[in-house]
Amino acid sequence: MFSSLVVQAILSGVTNGVIYALIGMGIAVIYKGSGVINAAQGEFSLIGAVVAVFAMKAAGFSYPIAFIAGAVFGILLGIVVDVVLVRPMVRRKADEDAFLLLTIGIAFAISAGVLFFAGRDYFTLPSIGSDGVAIVFDATIRYHAIWVIVACAAIVAALRFFYRKTSFGLAMMAASIDADGAATTGINVAAMRTATYGMGGLLGALAGLLVAPIVPISYYMGLVLTLKGFCAAMIGGLTNPMGAIVGGIILGLVESLAIVFIASAYKDVVAFSVLLVIMILVPQGILGRRGRKGG
Amino acid sequence: MLEIGGLDAGYGRLTVLHDVAFRIGDGEIVALVGANGAGKTTLVRALCGLIAPTAGRIIKDAFDVTRVPTHERMRTGIAVVLENRRLWGELTVRENLRLAEVNARQGGKVNFTLADVTRLFPIIAERQSSAVELLSGGEQQMVAIARALLMQPDLLIMDEPSTGLAPKIVKEILGVIRGLRDRGISLLLVEQNVGIASEIADRGYVMALGRIVHEIVPGGWQSFLSDERMVKAYLGD
């Protein structure tokens, strides 16, 4: 009985962990691409999920179309954030702290916007696959959770392929590693930064779309998601988007095992304590610079 | 090929370049020499569009590129090897070069292929799958030159290509640079080391305190170098 509890905790820990990983990857991608810590990453998730919900309920689209609409809105939101807000600040040579303040402002604005237009409701999306569960060592895992893990693995593989094998992805990497070198090689550095924000928006929206069938989403939840994603990114190493996967899964596992072994009320205490310990022991993150090749 | 007139440029309120004017003709190798802090690198950055001039004109082949953004300016046939090379260390040699290939100028008269640059620098074939950051300084310089050549320039600007390299490597690189003229490439060589500059350049300009203070005419290197007072005043020791 006890061991099935642990298996259960591991399964839900991994499921939550890959969601944190997606948000963390979005934060890391934007940080690496533009040096900005995006405090509105969780709001990208919020928008992705809410758009999909309304596409189904209000506009009557099918789930797959609504899902795609949510993802596209995430991309557009990221692009708008860069073109309308970040770009003019870059032109005026704003400091790093100004950008952090900007993204915090964006986070509050989006949250308030969702409250205004969508209200205080909790929004949920249908499970992917069926509503059933699979039994693993006496523990249960929802089919949706399996899909979440598979989808995350596919996203990670696609991201690796994009950044390493396509000219566009390589150019985005190049612009983030050395902007002057990129510009003098004919790469439009500003456009690459915009693309980076679009990518961050996409990753955020996907996280929201995948988590909404598990945890109902409401207007205030962006911040929580941002913090979890930020932890995942920090644990893995902020300049290494692939590190966020390791970080996210560690965070998810620590949380869910804390529920089993300590108490559910203390899960955040345990999770953030682990973050503190990791930050003190390995300030560069667990992967540090290694494996940065991921993008 | 390239004509600069009345150029002022700098960083923020600090003006580094004052009324800089010079020209580079088709197929010429021109050196720009000057002491540390003379404004050479600032001039290179202005020529590439990495900083915006506050006055003056940069004309490339009768085409005013003064306000053309860097990535587009590189498609008018200008390519540059920046100070410190500015390669992408995490990417492989092949990836560094591929980015130049896909973003290169189309339809210019120069046509460098990967095979061409590999012939110039065999190291590129040997190390093509290595991350650039694992290469030696000399090897990195060769990759940086190859990347610039794959942009298909008819004008190549090089900022201090010899700095920090062993004499043997410098010799090899200078040999390649000399041969570029036969491929229809003009060259602006920015050098602190006036010995190297005099070895390969037809003409030269001396820069001090952000101004062009002296012009070295074809065949004039020897008399410039033998004028100890001038060399000391403009280039330091």
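Name the residues in the range B:154-168 that are buried (at least 18 other Cβ atoms within 10 Å of the Cβ) and among the β-branched types (V, I, T), would you?
Once the filter is applied, which keeps residues that are buried (at least 18 other Cβ atoms within 10 Å of the Cβ) and among the β-branched types (V, I, T), the range B:154-168 yields only B:I157.
The conditions are (1) more than 22 Å from the chain's Cα centre (by Cα); (2) in a helix (DSSP H, G or I), and A:I187 fails exactly one of them. Which is it?
(2)
Considering A:A109, A:A158, A:A179, A:A151, which residue is surrounded by 15 or more Cβ atoms within 10 Å (Cβ to Cβ) and more than 10 Å from every other protein chain (Cβ to nearest Cβ)?
After ruling out the rest, the residue left standing is A:A151.
Only helices (runs of 4 or more DSSP H) wholly contained in the range A:40-157 count here; list those with 1 or more residues that are basic (K, R).
Numbers: elements: A:41-57, A:63-80, A:87-91, A:96-118.
In the range A:40-157, the matching helices (runs of 4 or more DSSP H) lie at A:41-57, A:87-91.
State whether one or more residues within the range B:48-64 are closer than 26 Å to B:Q192 by Cα, assigned to a helix (DSSP H, G or I) and touching a strand residue (DSSP E or B) at 6+ places or on another chain (Cβ under 8 Å).
Checked against the condition, which is being closer than 26 Å to B:Q192 by Cα, assigned to a helix (DSSP H, G or I) and touching a strand residue (DSSP E or B) at 6+ places or on another chain (Cβ under 8 Å), the range B:48-64 yields at least one hit.
Among what's in the range A:122-134 and is of a type outside the set (F, W, Y) and surrounded by 14 or more Cβ atoms within 10 Å (Cβ to Cβ), pick the residue that is farthest from A:P64 (Cα to Cα).
Looking at the filtered set, the residue picked out is A:V133.
Mind telling me which of the residues B:A125, B:A21, B:A31 ends up being in a strand (DSSP E or B), surrounded by fewer than 16 Cβ atoms within 10 Å (Cβ to Cβ) and away from chain A (no Cβ under 14 Å)?
Only one candidate qualifies: B:A21.
Return the residue satisfying two criteria in turn: it lies in the range B:75-87 and is in a loop (DSSP other than H, G, I, E, B) and touching a Ser or Thr at 6+ places or on another chain (Cβ under 9 Å), and of such residues it is nearest to the other protein chains (Cβ to nearest Cβ).
Of everything passing the filter in the range B:75-87, B:R86 is nearest to the other protein chains (Cβ to nearest Cβ).
Being basic (K, R), touching a Gly at 6+ places or on another chain (Cβ under 8 Å) and within 10 Å of chain A (Cβ to nearest Cβ), is that true of even one residue in the range B:90-102?
no
Exactly one of (1) crowded, with 24+ Cβ neighbours inside 10 Å; (2) over 29 Å from A:P283 (Cβ atoms); (3) touching a residue at least 12 places away in the same chain (Cβ under 8 Å); (4) within 14 Å of chain B (Cβ to nearest Cβ) is unmet by A:R193. Its number?
Only one criterion is unmet by A:R193, namely (2).
Go through A:K293, A:K267, A:K228 for me and flag whichever is modelled with pLDDT of 85 or more and of a type in the set (D, E, K, R). Give the derivation first.
Numbers: A:K293 fails: modelled with pLDDT of 85 or more; A:K267 fails: modelled with pLDDT of 85 or more.
The conditions single out A:K228.
Tell me, yes or no, whether the range B:216-225 has at least one residue that is buried (at least 22 other Cβ atoms within 10 Å of the Cβ), more than 19 Å from B:A144 (Cα to Cα) and either among the aromatic types (F, W, Y) or touching a strand residue (DSSP E or B) at 6+ places or on another chain (Cβ under 6 Å) (or both).
yes
When you go through (1) touching a residue at least 40 places away in the same chain (Cβ under 8 Å); (2) within 14 Å of another protein chain (Cβ to nearest Cβ); (3) closer than 20 Å to A:I37 by Cβ one by one for A:G169, which number turns out not to apply?
Condition not satisfied by A:G169: (3).
Per-residue answers, yes or no, for (1) touching an Asp or Glu at 6+ places or on another chain (Cβ under 9 Å); (2) outside any loop (DSSP other than H, G, I, E, B); (3) modelled with pLDDT of 95 or more; (4) on the phi > 0 side of the Ramachandran plot:
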residue: B:E90; (1), (2), (3), (4): yes, no, no, no
residue: B:V102; (1), (2), (3), (4): no, yes, no, no
residue: B:F112; (1), (2), (3), (4): no, no, no, no
residue: B:V117; (1), (2), (3), (4): no, yes, no, no
residue: B:K168; (1), (2), (3), (4): no, yes, no, no
residue: B:L174; (1), (2), (3), (4): yes, yes, no, no
residue: B:I177; (1), (2), (3), (4): no, yes, no, no
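Do we have any residue at all in the range A:90-113 that's among the charged types (D, E, K, R) and under 21 Å from A:I214 (Cα atoms)?
No: the range A:90-113 contains no residue that is among the charged types (D, E, K, R) and under 21 Å from A:I214 (Cα atoms).
Just to be sure before I move on: is A:V18 touching a strand residue (DSSP E or B) at 6+ places or on another chain (Cβ under 7 Å) and at negative phi in the structure I sent?
no
Checking the condition under 27 Å from A:L125 (Cα atoms) and surrounded by 15 or more Cβ atoms within 10 Å (Cβ to Cβ), which residue from A:L210, A:L238 passes?
On the way: A:L238 fails: under 27 Å from A:L125 (Cα atoms).
When all the criteria are applied, what remains is A:L210.
Condition check ((1) closer than 30 Å to A:N188 by Cβ; (2) crowded, with 22+ Cβ neighbours inside 10 Å; (3) polar (S, T, N, Q); (4) modelled with pLDDT under 95) across all residues:
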{"residue": "A:G33", "(1), (2), (3), (4)": "yes, yes, no, yes"}
{"residue": "A:F44", "(1), (2), (3), (4)": "yes, yes, no, no"}
{"residue": "A:A55", "(1), (2), (3), (4)": "no, no, no, yes"}
{"residue": "A:S62", "(1), (2), (3), (4)": "no, no, yes, yes"}
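Give the residues of the range B:196-215 that are crowded, with 18+ Cβ neighbours inside 10 Å, aliphatic (A, V, I, L, M) and out of contact with any Lys or Arg (no Cβ under 8 Å at 6 or more places or on another chain), sorted by residue number.
B:I196, B:A197, B:A201, B:V206, B:A208, B:I212
State all residues of the range B:128-139 that are within 14 Å of chain A (Cβ to nearest Cβ) and within 12 Å of B:N96 (Cα to Cα); if no residue qualifies, say none.
Correct list: B:S129, B:S130, B:A131, B:V132, B:E133.
Considering only the range A:192-295, give the helices (runs of 4 or more DSSP H) lying wholly within it that have at least 2 residues that are under 30 Å from A:A109 (Cα atoms) and among the charged types (D, E, K, R).
A:267-281
The values are calculated or read from the model by the stated rules, or taken from the named source; none is laboratory data. Model, not experiment: these values are computed from the prediction. Cβ coordinates were reconstructed from backbone atoms using ideal geometry, including for glycine residues, and neighbour counts include every protein chain displayed.
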